[in-house]
Amino acid sequence: MDYKFFKVIIENHIAQVSFNRPKKANSLHMPAWEEMRTIFNDMHDNPEVRVIVLTGEGKHFCAGIDLETLMDIQKHNHIKCEGRRRESLRKFILNFQDTITALEDCRKPVLAAVHKACVGGGVDIITACDMRYCTADAYFAIKEIDLGLVADIGTLQRLPNIIHPGIVSELAYTGRKVSGAEAAKIGLANNVFETREEMMEHVLGIAKMIASKSPLCIRGTKEMLLYKRDHSVKESLDYMATWNAAMLMSNDLMEAFQAQVGKREAQFEG
């Protein structure tokens with residue numbers, strides 16, 4: 001598929017989406033942010049896609065928001081009314097937040113494969129992914145504190161659901177780098193690999209396994225996991241009952257059952 005700032009390849013129901021601004025360390029300017037949201041909306045609606053692997057072209061995974069984009073904050077200063085200026089700035093921030101949320105709203109599992117730098121907005125992005133893997137030379141940093149900013153597009157809201165809140169606080173207050181090995185130790189990454197090639201072989205293997213499952217069940221599972229994150233057990237069980245009452249009696253259920261009986265691989269619809 002043809003995008004300007006990302007490379008997207010779809011094969012065997014797996015979409016490999018790669019940041020493609022290697023000369024800028026895959027930092028994202030405004031057009032790239034807007035394109036990323038479009039891509040994940042497209043992936044959500046594409047019946048050929050069952051799982052997504054997010055990677056970066058070149059030396060780094062993602063260096064976050066392009067500094068030129070951060071300077072766009074100044075453009076709000078031309079608005080004379082203080083209230084309207086603040087309203088415009090809030091809309092600017094919400095737009096970035098919505099782009100990150102597009103990864104969650106996409107009901108296909110997203111696996112982040114991180115090498116070298118994943119800082120600032122890059123951390124925001126991976127916290128919205130379902131799984132994270134990294135190389136030994138990867139490093140992560142909540143860099144906003146060093147820029148005089150409070151991280152505002154998802155890290156502080158999502159990361160405490162992934163790793164211990166005390167560690168989140170340490171990283172957010174200090175901006176220090178977390179190595180690939182430490183990322184795996186604290187649970188930020190599912191696993192760490194010596195080389196990028198080893199990582200991609202493993203991640204694509206996981207993606208292939210997911211792609212072989214019922215697409216309807218995978219989408220439902222992602223829905224339930226995200227719902228439980230934000231709701232009580234009782235509320236989540238009630239929602240689960242309603243979901244299965246609507247979705248349980250599917251062609252996928254019958255195909256999975258027949259495949260088990262016939263000792264063959266299931267073939268599911270898009």
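Pick from the range 98-120 the residues that are closer than 22 Å to residue 170 by Cα and out of contact with any helix residue (DSSP H, G or I) (no Cβ under 8 Å at 6 or more places or on another chain): which of them is surrounded by the most Cβ atoms within 10 Å (Cβ to Cβ)?
Checked the range 98-120; the qualifying residue surrounded by the most Cβ atoms within 10 Å (Cβ to Cβ) is 117.
Which residues, counting only those in the range 213-270, are touching a Leu at 6+ places or on another chain (Cβ under 9 Å), surrounded by 14 or more Cβ atoms within 10 Å (Cβ to Cβ) and among the polar types (S, T, N, Q)?
214, 250
Failed condition for residue 182, given (1) within 20 Å of residue 127 (Cβ to Cβ); (2) of a type in the set (D, E, K, R); (3) not in a helix (DSSP H, G or I), with all others met?
For residue 182, the failing item is (3).
Looking at the range 92-102, is at least one residue part of a loop (DSSP other than H, G, I, E, B) and over 30 Å from residue 193 (Cβ atoms)?
no
What do you reckon, is residue 37 within 30 Å of residue 213 (Cβ to Cβ), basic (Lys, Arg), assigned by TED's automatic domain parsing to the domain that holds residue 138 and in contact with a Ser or Thr (Cβ under 8 Å, 6 or more places away or on another chain)?
yes
Based on this model, can you work out whether residue 188 counts as assigned to a helix (DSSP H, G or I), at pLDDT 95 or above and not acidic (Asp, Glu)?
no
Looking at (1) modelled with pLDDT of 95 or more; (2) buried (at least 19 other Cβ atoms within 10 Å of the Cβ); (3) not aliphatic (A, V, I, L, M), which is the one condition that is false for residue 58?
The failed condition is (2).
Which of the residues spanning the range 127-171 are in contact (Cβ under 8 Å) with a residue 60 or more places away in the chain and in contact with a Lys or Arg (Cβ under 8 Å, 6 or more places away or on another chain)?
130, 135, 138, 161
So which residues in the range 49-78 are acidic (Asp, Glu) and either under 20 Å from residue 155 (Cα atoms) or without any contact (Cβ under 8 Å) to a residue 24 or more places away in the chain (or both), if there are any at all?
Once the filter is applied, which keeps residues that are acidic (Asp, Glu) and either under 20 Å from residue 155 (Cα atoms) or without any contact (Cβ under 8 Å) to a residue 24 or more places away in the chain (or both), the range 49-78 yields only 66.
With respect to residue 80, determine if the residue is at pLDDT 95 or above, more than 16 Å from the chain's Cα centre (by Cα), more than 22 Å from residue 221 (Cβ to Cβ) and among the basic types (Lys, Arg).
no
I'd like the full set of residues that are assigned to a strand (DSSP E or B) and not β-branched (Val, Ile, Thr), limited to the range 2-42.
Hits for the range 2-42 are 6, 7, 11, 15, 16, 18, 19, 28.
Identify the residue in the range 53-86 that is in contact with a helix residue (DSSP H, G or I) (Cβ under 6 Å, 6 or more places away or on another chain) and not in a loop (DSSP other than H, G, I, E, B) and, among all such residues, is nearest to residue 23 (Cα to Cα).
This residue is 62.
Using the structure shown, decide if residue 21 is basic (Lys, Arg), in the same structural domain as residue 206 (by TED's automatic domain parsing) and surrounded by fewer than 14 Cβ atoms within 10 Å (Cβ to Cβ).
Judged against the criteria, residue 21 is not a match.
The values are calculated or read from the model by the stated rules, or taken from the named source; none is laboratory data. This is a predicted model, so every value here is computed, not measured. In this analysis, Cβ positions are derived from the backbone assuming ideal geometry, glycine residues included, and neighbour counts consider all displayed protein chains.
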